[in-house]
Amino acid sequence: MKAARLFKIKEDLQVVNVPEPVPGRGEVLINIMATGICTSDLHYRDGSSKIKALPITLGHEIAGLIQDVGDDATLFSVGERVGVYYLITCGKCHNCKMGRENYCQYAEMLGKTIDGGFAEYLVVPERNLFRLPRNVSLAQGALISDAIGTPFHALTRARIQMGETVMIVGIGGLGLHAVQLARVMGATTVIAVDINDEKLSTATIVGADFVVNAASESLLDNLSHITAGAGVDVVVDFTGNPTSLRQSLNALAFGGRLVSVGICPVDFVINPYHDLLLKERSIISSADQLHRDFEIIVRLIESGTINLDHSVSHKVPLSEINYGMQILEEKIGNPIRVVVSQE
Ligand SMILES: [Zn+2]
Ligand SMILES: [Zn+2]
């Protein structure tokens, strides 16, 4: 089968022939139909986020069709449309037992520590799969595992209360879904912040009440106006940019929570007294997702509660994966999600 593999840091992926995997006990073989290109893939390629060993097949946002099932794999039938949770966890360690399998001590991550989804086929344990709702395409379904799952988990960590104001910073593949999910979780006012007007108009289409272009307008003046000086209750930051994190912290109301999801490569200095204690604010981090998150997300999509019509902005075939990564890196055509599609 063909797989797009990273052989050397800072170099293009190479599409090469590798042996087709065979499902073992409790595993299934998936014919991969769609794999989203995530900003993390750019980080893995560039070495800014470390991967265990080279070469590796990247890609962790995966959807496809069941092609074959191994012994004792009984939950899915050949031909079913499925999405894949990219963390292969042990289910036995302390963190798994405590319901924090995103911190499983023995986890492997598809497309990071083991071969992932920029390929024609993949073998995974059947417990890592969830059925895709009928009302989404395979390209949209691929996004569930990260571009929808990660903001979902981050927003649950924010513990939004009904009536609160939530600000989403960074309207890319994750942020666009966070706008919708914040509303579902009880936010009365949702504010989208980016530096690109086209992405902000998409945020309006999917339900943002207010949008602010942080490059051309004063964010704090706008927020002061929108919240009548009270500040925002929750900020979810997908940029990891220290300037943006500082503005977000300053924008928080009494009791406000800043959820940090973006990868921040440099130190971000805070004063625990002035920034946090004086207003009883919190900074919360959030990473990956849990099995339970997908059970809920699938229902939200199935019921039409969240809309994925604007989620896939570009599709490329596997042979053009490097161009797909370039679209994301250079923001060609304002990408939301670029998907490697074999549909
Ligand atoms: Zn990702
Ligand atoms: Zn574990």
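Let me spell it out: the conditions are (1) under 30 Å from V15 (Cα atoms); (2) at pLDDT below 95; (3) in the same structural domain as V136 (by TED's automatic domain parsing), and G262 meets all of them except one. Which number is the exception?
(3)
Do the conditions hold for G186, that is, is it in contact with a Lys or Arg (Cβ under 6 Å, 6 or more places away or on another chain), outside the structural domain of R299 (by TED's automatic domain parsing) and not basic (K, R)?
Values: in contact with a Lys or Arg (Cβ under 6 Å, 6 or more places away or on another chain): no; outside the structural domain of R299 (by TED's automatic domain parsing): yes; not basic (K, R): yes.
So G186 does not fit the description; no.
From G36, G116, G24, which residue is within 16 Å of ligand 1 (Cβ to nearest atom) and either over 24 Å from the mean Cα position of the chain (by Cα) or outside any loop (DSSP other than H, G, I, E, B) (or both)?
Just one listed residue meets the conditions, G36.
Does G141 satisfy the criteria of being in the same structural domain as N334 (by TED's automatic domain parsing) and not in a strand (DSSP E or B)?
yes
Considering only segment 39-79, state which residues are among the aromatic types (F, W, Y) and in a loop (DSSP other than H, G, I, E, B).
Matches in segment 39-79: F76 only.
Residues checked against (1) small (G, A, S); (2) closer than 18 Å to I297 by Cβ; (3) at pLDDT 95 or above; (4) crowded, with 16+ Cβ neighbours inside 10 Å:
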| residue | (1), (2), (3), (4) |
| --- | --- |
| R81 | no, yes, yes, yes |
| Y86 | no, yes, yes, yes |
| M98 | no, no, yes, no |
| E108 | no, no, yes, no |
| D115 | no, no, yes, yes |
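Against the condition over 21 Å from V261 (Cα atoms) and outside any loop (DSSP other than H, G, I, E, B), how does I30 come out, does it pass?
In short, yes.
Being within 16 Å of ligand 2 (Cβ to nearest atom) and of a type in the set (D, E, K, R) is the filter here; which residues of segment 81-136 pass it?
The answer is K92, K97, R100, E101, E108, R127.
If you scan segment 151-161, which residues turn out to be within 16 Å of ligand 1 (Cβ to nearest atom) and crowded, with 24+ Cβ neighbours inside 10 Å? Working first, answer last.
Filtering segment 151-161 down to residues within 16 Å of ligand 1 (Cβ to nearest atom) leaves 151-154.
Result: P151, F152, A154.
Report yes if V124 is buried (at least 16 other Cβ atoms within 10 Å of the Cβ) and within 24 Å of A147 (Cβ to Cβ), otherwise no.
Answer is yes for this residue.
May I ask you to list the residues in segment 154-189 that are in a strand (DSSP E or B) and under 15 Å from V259 (Cα atoms)?
T165, V166, M167, I168, V169
Show the residue pairs that are 6+ apart or on different chains and have beta-carbon atoms under 7 Å apart, the first residue being within segment 37-65 and in contact (Cβ under 8 Å) with a residue 60 or more places away in the chain, the second being within 16 Å of ligand 2 (Cβ to nearest atom) and among the β-branched types (V, I, T).
Every condition considered, the pairs that remain are K52/T113.
What about Y121, is it over 16 Å from the mean Cα position of the chain (by Cα), within 24 Å of I56 (Cα to Cα) and in contact (Cβ under 8 Å) with a residue 60 or more places away in the chain?
yes
What are the residues in segment 78-112 that are away from ligand 1 (no atom under 16 Å from the Cβ) and within 24 Å of Q342 (Cα to Cα), if any?
V78, G79, E80, R81, V82
Take the residues in segment 245-267 that are in contact (Cβ under 8 Å) with a residue 40 or more places away in the chain and buried (at least 22 other Cβ atoms within 10 Å of the Cβ); name whichever of them is nearest to N196 (Cα to Cα).
Checked segment 245-267; the qualifying residue nearest to N196 (Cα to Cα) is S248.
Taking only pairs six or more apart or across chains, which ones have beta-carbon atoms under 7 Å, a first residue in segment 86-110 that is free of Cβ contacts under 8 Å to residues at least 60 places away in the same chain and assigned to a loop (DSSP other than H, G, I, E, B), and a second residue that is acidic (D, E) and within 9 Å of ligand 2 (Cβ to nearest atom)?
What qualifies is T89/E101.
From the list G91, G36, G47, exactly one residue is within 25 Å of L143 (Cβ to Cβ) and not β-branched (V, I, T). Which is it?
After applying the criteria, what remains is G36.
Take the residues in segment 57-73 that are in contact with a helix residue (DSSP H, G or I) (Cβ under 8 Å, 6 or more places away or on another chain) and among the β-branched types (V, I, T), then tell me which one is farthest from ligand 2 (Cβ to nearest atom).
V69
Only one of I332, I336, I321 is buried (at least 20 other Cβ atoms within 10 Å of the Cβ), more than 20 Å from G149 (Cα to Cα), of a type in the set (A, V, I, L, M, F, W, C) and assigned by TED's automatic domain parsing to the domain that holds C38; which?
One residue alone meets the criteria, I321.
Which one of L220, L200 is at pLDDT below 95, among the aliphatic types (A, V, I, L, M) and either surrounded by fewer than 22 Cβ atoms within 10 Å (Cβ to Cβ) or closer than 29 Å to A142 by Cβ (or both)?
Within the list L220, L200, the selection yields L220.
The values are calculated or read from the model by the stated rules, or taken from the named source; none is laboratory data. Remember, it's a predicted structure, so these values are computed and weren't measured experimentally. Here the Cβ is made from the backbone with ideal geometry for all residues, glycine too, and neighbour counts use every protein chain on show.
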